[in-house]
Every structure is written in structure tokens, then in C-alpha cells.
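A.B. asks: Okay, here's the structure, questions in a sec.
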């Protein structure tokens, strides 16, 4: 941390989110090139140039390496050909692996020795850039009085962004590490941070103030401001009121959650008052969204995957950026027009029809969270409902429509176009036990594949080995469906797990169950039935809905942690689906209706977690700076 809290030289004059100089070059400027503070901060154009470097401090967790892992729950398992990704270390209980010095390949997005604010997506480590960004926010906030040549609107836009980012960087860190010092002033260059760690609630309250203050002065849409009209149509990523309120709610919900409440108060239950604050913040967002006051909406289900990737475009824009409503609430810049075509886009297709050996696939037990189209959970050892209609001889039939958007299953057509005759047998996903797509080292270890972020033609035959430079993946940090689900959880947690409870915001009348059903309805899934509206079952369905709707988007690890379920079975397990085809594959039939025999789950691994695994370990060099900056328990 000490390294990233050095005095920042003021430059200003930065005019593009994608044209930033690196931290190293920025700090190594010749004295005569330094712009004085009065020039850097005097007007909106210059101050905004200074502020926009903060956007380049947002890690692109999707494309932070040639292949990249960002799902550390029980939602993904990696092929065994290499072991440098943090997901492997998590499976082994080695949480030190988030740190660059224990990584060995610089493959993680949580840390980076070469952290910089330039255009290189490989140099985007959360830990270093968060502290750098926090200091930059404080520097800007302490120089607001120098912005003399500006309107009130322009001052609010600058201050709102700085407040948001200060809260956001602290929030991103504390959700992994617990309560931290909340740095809200510029430390002199010769002063080392000496503040002790706050508990989680204390840190979250300070972040909440920054988010709330930002929301109070930011617009809903920059396109509707005088200053924003100068960059009209290109403001999708700029911080606005909806982003600030959404993160205000998320910050409160995380603080209310059992893990964070236990760290702060000793209680392993939800904090009711913080949950209610979260619900009210989300309700304010959803009231404006459903009232047509914003640029946000749930995209139609046929465009669902546009939330995560584009095909035939050089740039991955927020979904709906072609003029329609967008669902993507918060994302960082996408620095490289081909940042995933050579890399991330290949990590879901078995090498036999793909180009990579590092393959990520969903464990069978996680796929089990996808229920039926009728909304009921399928029969398995985790959630059993005899009325669901699930038949293990027809495991792909009548499933939740999101199953077919997110998961590739046995018999599904993968290669769409021409392929050599001697490889024709691999046109369809051979994911049955012993099938050609099943390979521990270079294929699916589980009997399923992830296709949420890639279309079926993402293979070496259809799009080519480099995928024709056309498939670009960027997973958002937050989208609107997440807000609906967080609202449902917050309302229930603040009201004795009641599915019929509402927030205290008079302008928003939806209950917790209504919010869940809104997300389900978009996918064509039937609403919650009465038996799942009871206090003892509703929260389980909230959690299952999050597992399905937000699958593989980087949420599961933190969800399991904050619910204090990470160390509990079955959440420590990863399994494979073992089965035989009942008959030779018939290409004329819908593979959803294919019959299988002997369907069963086989344990691949059990993760050796204990209480210490609820928090990541801090860097030894940082906790040794001063006694009050304590290491997390057990590490």
C-alpha cells in the first residue's frame, strides 16, 4: 500500500478515457513538464481530464490476462493443463495466491506488480490501482476550490465522480479484506498511512456517505446535461446517479450480510437496519427505472447475451448502446479492440474444436441450480421439488430458459459450418462420459460447457483460430437484474425473510417476491409458487436465483462468503455429470429431448476451507508497516 500512496504529481490535460499515460511515466515526469495546480483544476475540461484517469484504474477482470479466471466459488472448474490461475489456488485453500508474488504468472486481476493507468489491460491490479485511485480522488476533492472557471453543474459532475470513486475503491477492497482504514485526505509525501483498520460497518458507513453525496449531485444521464452534450452518445460509462445509488445499496447490503455483521458486531445474522437502508437505495433506483426516468431496462431475453459480448464489433459496448435501453449499470473501459478474441473467447471451448488448453467449465452441482421452466428447483441433493417435473433420464428437457443461454450440454450443435470429414464426429458436443469433449487437461471436466460469454460458433472451424477478431467479451461489474435481486434480498433480510415485504420508499410498491418474479419473467420462467414464499424457503430461492441469473459473472465467491456458506457443504464441492447416451445421436432431433442413462454426479474435489478463508490475507509487507494495520485472522 505504501508504494501506491505516494504523492501524485498533478498533470491535468488528460482528455480521453482510453488515452491515459501509465502510472510509472506519470510519476517520472520531468519537473519542467508538470502543470501547476491552478492550470490543472481551473476549468471543467482540465479537471475532467484529471478525473478521467480514474476510469482507467478499474480492472477489466474479464480480460486481465491471456486467459483469465474471476469465478472463485463452486461455479467453475479449470482444466488441469496449467495451475497458475487463482481459481486453482482457491480450490486448494491457498488464498495467498491472489498476490502477484505467489502467482508467478501475473495472471490475476486482484494484484499486479506493473499496475498502470495506461491502455494495457494486463496492468490492471485492483489492490494497487484502488489505493492509487483513492489518493487521486482525495487530491481532486481537496482542490475543488481551484475550479473557478466552471458552472455549478460542472462542479457537481467533477465532485460526484470523485466521491463515487473514493467509495467504490474502498468498497471493492473491503469486500475481500474486511474493514480497512478509510483514507479521505491527501497524505503528505513524507507521511506513511498510520490509521488503524476500522471494522466493516465503520468502513461501510464512510463509503455510504460518499456514495450518497455523489448520488445527490450527479445526473441520471450525462447526455441530458450541458457539459455532457459535448460528448453526447459516448457517456455510457460516466458515473451517474443510478450507479451511485446502486452501489450505495450494495454497500449497505454487504455490510448487513452475516459475514460482515459478524466481523463488526459478533452476530452471524443479517443486520436489519442496514438491510433496510440497502432496500431503500435499491427501491429509489428501481422506481426511477420503472418510471421511465432512466436509460436502463432489462434487455429483451433474445438479446440477453449482449450483456456480455459483441460479435462483429471492434468494441464491447454496454448492452443496448445501439440506441435502446441498457442493462449494464457499471463497467470499466474496454482498452483493447481484440482483448478477448485471441484470449478469453477461447477458454470455454474444448481444444478438440477450439484453440486453448486452459478451459473453464461449470461443475454439475452448480448446473443443478438451474431449475425448470415452471420455476421449480430440480430434484437433486441440494434443492428437491417432486412437482418440478425433472426427469434424470431427460436432464436437458424443459429447463429454465437461462440454462440454454448459459450452458452447452451433450448433443448440442457446436460447429455450424464446414469441417474436415475426419473431424465430423466432433460437430456436436460429445459431453457424455468418455465423449471427445471430455478431457481433464484440455476439455470439459464436468459434462457441461459455459456458453454465456461465447456463441456456439466460437470454435476454430466457424470463427477461426483467432475468432476472426470479431468476438469481444466484457462482463459488467453490475447490471440491472442484479439490482432487482439485491432489492429482494435486502427487503427480506430487513423484514424477517418476508417475501411480501416492501421497502420504505413510497414511490416503489414491489415486494421482494415481485422483484424475483420480474427477473424470472424476462427469461420466461414462471413466478415463485406459494410454497416458496414462506420465510423458511424464500431466502433459499433468492440465493438460487442469484446463482442462475448472475452465473459466472464474478459474484458467487463473494455471495457465499458474505452469507457465511463458503465453508459449508455442498458449497465446497465440485462434481461432474456422468451418463451414457441411450441411443446414437440423431441430428434431426432437438438435443433437449435426448434420453440418457445412468445419470449421476461424481465428486471431483472438496475444497479444504476453514474459518480463515472468509477473508483474503493482506500483504505481509503492508501489515508490517505499522502495528495497527493488522493481518486477517488465521493468516
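The values are calculated or read from the model by the stated rules, or taken from the named source; none is laboratory data. These numbers come from a predicted model, not from an experiment. Cβ sites come from the backbone with ideal geometry, for glycine too, and all protein chains shown count toward neighbours.
A.B. asks: Being crowded, with 24+ Cβ neighbours inside 10 Å and modelled with pLDDT of 95 or more is true for just one of 474, 522, 479. Which residue is that?
C.D. replies: Numbers: 474 fails: modelled with pLDDT of 95 or more; 522 fails: crowded, with 24+ Cβ neighbours inside 10 Å.
Being crowded, with 24+ Cβ neighbours inside 10 Å and modelled with pLDDT of 95 or more holds for just one of 474, 522, 479, which is 479.
A.B. asks: Right, residue 485: in contact with a strand residue (DSSP E or B) (Cβ under 6 Å, 6 or more places away or on another chain) and closer than 25 Å to residue 62 by Cβ or not?
C.D. replies: Numbers: in contact with a strand residue (DSSP E or B) (Cβ under 6 Å, 6 or more places away or on another chain): no; closer than 25 Å to residue 62 by Cβ: yes.
Answer is no for this residue.
A.B. asks: Show the residue pairs that are 6+ apart or on different chains and have beta-carbon atoms under 8 Å apart, the first residue being within the range 552-575 and on the phi > 0 side of the Ramachandran plot and modelled with pLDDT of 95 or more, the second being assigned to a helix (DSSP H, G or I) and crowded, with 20+ Cβ neighbours inside 10 Å.
C.D. replies: 552/406; 564/259; 564/614
A.B. asks: Further question: In this structure, is residue 553 surrounded by fewer than 18 Cβ atoms within 10 Å (Cβ to Cβ), assigned to a loop (DSSP other than H, G, I, E, B) and within 28 Å of the chain's Cα centre (by Cα)? Break it down stepwise before answering.
C.D. replies: Working: surrounded by fewer than 18 Cβ atoms within 10 Å (Cβ to Cβ): no; assigned to a loop (DSSP other than H, G, I, E, B): yes; within 28 Å of the chain's Cα centre (by Cα): yes.
Criteria not met by residue 553.
So that you can scan it fast, the table gives a plain yes or no per residue for (1) on the phi < 0 side of the Ramachandran plot; (2) surrounded by fewer than 18 Cβ atoms within 10 Å (Cβ to Cβ); (3) under 21 Å from the mean Cα position of the chain (by Cα); (4) not in a helix (DSSP H, G or I):
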| position | (1), (2), (3), (4) |
| --- | --- |
| 384 | yes, yes, no, yes |
| 387 | yes, yes, no, no |
| 391 | yes, yes, no, yes |
| 395 | yes, no, no, yes |
| 424 | yes, yes, no, no |
| 432 | yes, no, no, yes |
| 447 | no, no, no, yes |
| 455 | yes, yes, yes, yes |
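A.B. asks: Considering only the range 496-522, state which residues are farther than 22 Å from residue 242 by Cα and touching a residue at least 24 places away in the same chain (Cβ under 8 Å).
C.D. replies: Of everything in the range 496-522, those that are farther than 22 Å from residue 242 by Cα and touching a residue at least 24 places away in the same chain (Cβ under 8 Å) turn out to be 496, 497, 498, 499, 500, 513, 520.
A.B. asks: Go through (1) part of a strand (DSSP E or B); (2) surrounded by fewer than 14 Cβ atoms within 10 Å (Cβ to Cβ) one by one and return the number of the condition residue 576 breaks.
C.D. replies: Against the list (1) part of a strand (DSSP E or B); (2) surrounded by fewer than 14 Cβ atoms within 10 Å (Cβ to Cβ), residue 576 comes up short only on (2).
A.B. asks: Please note which helices (runs of 4 or more DSSP H) are completely contained in the range 37-115 and include at least 3 residues that are over 23 Å from residue 349 (Cα atoms). Show your work before the answer.
C.D. replies: Values: elements: 37-40, 44-51, 86-91, 100-103.
Filter on the range 37-115 gives 37-40, 44-51, 100-103.
A.B. asks: Could you list all residues from the range 72-86 that are out of contact with any helix residue (DSSP H, G or I) (no Cβ under 8 Å at 6 or more places or on another chain) and crowded, with 21+ Cβ neighbours inside 10 Å?
C.D. replies: Result: 79, 85.
A.B. asks: Hey, another quick one. Out of everything in the range 39-71 that is farther than 22 Å from residue 124 by Cβ and touching a helix residue (DSSP H, G or I) at 6+ places or on another chain (Cβ under 6 Å), what residue ends up being modelled with the lowest pLDDT? Don't jump to the end; show me each part of the working.
C.D. replies: Taking the range 39-71 and keeping what is farther than 22 Å from residue 124 by Cβ, we get 39-47.
Now restrict to residues that are touching a helix residue (DSSP H, G or I) at 6+ places or on another chain (Cβ under 6 Å): 40-41, 44, 46-47.
Details: 40: 88, 41: 96, 44: 97, 46: 96, 47: 97.
Across the range 39-71, the extreme among qualifying residues is 40.
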